[in-house]
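Down below is the structure, laid out as structure tokens.
The values are calculated or read from the model by the stated rules, or taken from the named source; none is laboratory data. Because the structure is a prediction, the values reported are computed rather than measured. Positions of Cβ are generated from backbone atoms using ideal geometry, with glycine treated the same way; all protein chains shown enter the neighbour counts. These area figures cover heavy atoms from the full protein model, side chains too; ligands, DNA and RNA do not enter into them. Shrake-Rupley method; radii C 1.70, N 1.55, O 1.52, S 1.80 Å.
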Amino acid sequence: MDYLKLYEIWKNEPSMPEDLKKLLSEMEGDLDKIEGCFGAELQFGTAGIRGIMGVGTNRLNEFTVRRTAQGVAKWLTGTSLPQKCAIGYDSRHNSRTYAEICAAALAEKGVHVYIYHELAPTPMLSYAVRALGCGCGIMVTASHNAGIYNGIKCYGEDGCQMPDAPAAIVLDEISKIPYFVPAEKRFDAAIADGSAEFIAPEFWQKYYDRVWQEGLLTDKVADAKLNVVYTPLCGTGNKPVREMMRRLGVNAEIVKVQEQPDGDFKTCEYPNPETDAALNESYKVADRVPCDLILGTDPDCDRVAIAIPHKGEYIKLTGNEQGCLLLDYILRIRAQKNDIPAGAFAVRSIVSSAMTDKICEKYGVEMHAVLTGFKWIGNEILSYEQRGEEDKFVFGFEESCGYLKGTYARDKDAVVASMLICEMAAYYKQKGMDLVDALNALYDEYGYFMAKVQSVELTGNDAMEKAAALMSNLRANCPSSIGGFDVTEVLDYKSGIRTDKVSGQDTEITLPKSNVVELRLGADGKVIVRPSGTEPKVKFYYTAIGKCVKCAGRTMDALIDGMKVFVP
């Protein structure tokens, strides 16, 4: 349907609330704005929807949220799964409202709903799905996106983000549902009649206790007198992360301007701890208090980033560097305790540091590489759980600052990761080292692995088509060398074919099909290119390997320069 006709339908809809009516009125005559809001529909993909909050089919609002929840309800009620759903929400504008809309939409279809009584981290939602025996879960969050965004993230019965097969059914069901179907039940009525209930505050303690079990040397931390500057970036981590630090006996200084929930993120416009700017306020605090470690979690507390005061400056570690340190620490301590089980395995995404493979090899642990997206790590854990061998899982991570130890949740958890990072920092402090010293020791042992991510943002209503065209061009004009380094292998995860460029031999890639191309450069590194599943972006992941930082840096510069021909 023409976007102008859709605009008129929405403008004349009797049930349209006043705030959205005002937005519709303000955009009258502005064709670009109308097309932006009505020129497409928010698509259910990668386990949910995410978008700018506003009015229209291409914006997140009470109608698009309710329609999504109705699609989830239609899918769930057509299965033999438990007819129960857990719902959580973060600190963003409208998150609580959207959570209540989802709860009512599910409750009216006979699904029993458990909803957190206050904002909670994404991993707590994953935990609740499993602990409460639910058939699915919903988390209202846009993770680390700017404050204008929100989203509906959906989970399966195992606590993983919803896999492709049920997601396809949900998408199909959503497409059949009109936007303006009146609600049969309101949230307060669902609470009153018992079809929805708040998750008891005591449940938080169960989660805390379960996370605490993943500690390795928790009783040794207080002796180190570790000083941590912590920012929850105005999100959900403030309560649970501080509880873990309290239990550890850490001296925690909180970044006050980012302590309380704030959907505007006024002191951090882009609340992604991966970025350097996310910790700017933390550096100010660390300048005036004792500090061994700066730690920040994103708004839904599934990612964590750290910076280390080292030789007069702050060194911010990458997600890969944190992952290497954590994996090595976990295996180091478990090896000292003779506690690594036979057949132990760790999991990383294909875009994450291969240095972890070398760390695993040292300790006799298998490393499994899976597609990007923590659900694939969760699926790997599930395959072992189904054989009664989930205790063999030691660690999972993605380079985007997402980590998990333990099988209580199936999504990345910045609460357990923050606890382990503090524990690890205390361990090294007692040895007269900081985490930069510990990382350099790993580089001395395994070689220098430098990693960078280049995110190319595409604009316009045809942004997704532009992303597809970029990937098609890369496949059609696949380079034989990049920056002077020969391409030795090409892995096309969409076709499922690995091509050895030296022998010309093709072999099958056993991972599920995905729109990803990996260009391996022998011992010198690799380049991986993939479009985002939730945003109009294409990401270029570069790995440069050298004997020293300068050597790897020169290789990195050459790789980035060599790929410019494919970057719009």
Given (1) open to solvent by 10 Å² or more (accessible area, probe 1.4 Å); (2) under 22 Å from Asp172 (Cβ atoms), identify the lone condition not met by Arg96. (2)
Any residue at all in region 10-26 that is open to solvent by less than 50 Å² (accessible area, probe 1.4 Å), out of contact with any Cys (no Cβ under 8 Å at 6 or more places or on another chain), more than 23 Å from Pro531 (Cα to Cα) and polar (S, T, N, Q)? no
For the condition open to solvent by less than 40 Å² (accessible area, probe 1.4 Å) and touching a Pro at 6+ places or on another chain (Cβ under 8 Å), what is the one hit in Met471, Met556? Met471
Name the strands (runs of 3 or more DSSP E) wholly inside region 260-343 in which the number of residues that are open to solvent by less than 10 Å² (accessible area, probe 1.4 Å) and farther than 30 Å from Tyr98 by Cβ is 1 or more. 293-297, 304-310
Please verify whether Asp223 is open to solvent by 40 Å² or more (accessible area, probe 1.4 Å) and under 26 Å from the mean Cα position of the chain (by Cα), treating the condition exactly as stated. no
Restricting the search to region 436-457, which residues are more than 23 Å from the chain's Cα centre (by Cα) and β-branched (Val, Ile, Thr)? Val436
Taking region 474-493 and the residues there that are aliphatic (A, V, I, L, M) and under 26 Å from Thr356 (Cβ atoms), the one that is surrounded by the most Cβ atoms within 10 Å (Cβ to Cβ) would be Ile482
Given (1) surrounded by fewer than 19 Cβ atoms within 10 Å (Cβ to Cβ); (2) on the phi > 0 side of the Ramachandran plot, number of the condition Gly159 does not satisfy: (1)
Residues of region 494-519 satisfying the condition of being touching an Asp or Glu at 6+ places or on another chain (Cβ under 7 Å) and either surrounded by 20 or more Cβ atoms within 10 Å (Cβ to Cβ) or closer than 29 Å to Ser143 by Cα (or both): Val517
Among the residues of region 260-285 satisfying the criterion of being charged (D, E, K, R) and over 23 Å from Ala120 (Cβ atoms), which is modelled with the lowest pLDDT? Glu269
Per the list (1) part of a loop (DSSP other than H, G, I, E, B); (2) surrounded by fewer than 24 Cβ atoms within 10 Å (Cβ to Cβ), residue check on Glu173 breaks on (1)
Suppose the filter is of a type in the set (S, T, N, Q), closer than 14 Å to Asp434 by Cα and at pLDDT 95 or above; does Gln322 pass it? yes
For region 520-553: of the residues being surrounded by fewer than 18 Cβ atoms within 10 Å (Cβ to Cβ) and among the basic types (Lys, Arg), which is nearest to the chain's Cα centre (by Cα)? Lys537
Right, Glu197: among the charged types (D, E, K, R), in contact (Cβ under 8 Å) with a residue 24 or more places away in the chain, open to solvent by 80 Å² or more (accessible area, probe 1.4 Å) and within 30 Å of Phe63 (Cβ to Cβ) or not? no
Just need a number here: residues in region 141-171 that are in contact (Cβ under 8 Å) with a residue 60 or more places away in the chain and in contact with a helix residue (DSSP H, G or I) (Cβ under 8 Å, 6 or more places away or on another chain). 18
Looking only at region 51-69, filter to residues that are of a type outside the set (Val, Ile, Thr) and buried (at least 23 other Cβ atoms within 10 Å of the Cβ); which one of those is modelled with the lowest pLDDT? Gly51
Within region 116-155, how many residues turn out to be open to solvent by less than 10 Å² (accessible area, probe 1.4 Å), assigned to a loop (DSSP other than H, G, I, E, B) and at pLDDT 95 or above? 5
Right, Phe187: buried (at least 17 other Cβ atoms within 10 Å of the Cβ), in contact with a helix residue (DSSP H, G or I) (Cβ under 7 Å, 6 or more places away or on another chain), over 28 Å from Asp298 (Cα atoms) and in contact (Cβ under 8 Å) with a residue 12 or more places away in the chain or not? yes
Within region 27-48, tally of residues that are under 18 Å from Phe180 (Cβ atoms) and either in contact with a helix residue (DSSP H, G or I) (Cβ under 6 Å, 6 or more places away or on another chain) or buried (at least 20 other Cβ atoms within 10 Å of the Cβ) (or both): 3
Give the residues of region 239-248 that are touching a helix residue (DSSP H, G or I) at 6+ places or on another chain (Cβ under 9 Å) and open to solvent by 30 Å² or more (accessible area, probe 1.4 Å), sorted by residue number. Lys239, Glu243, Arg247
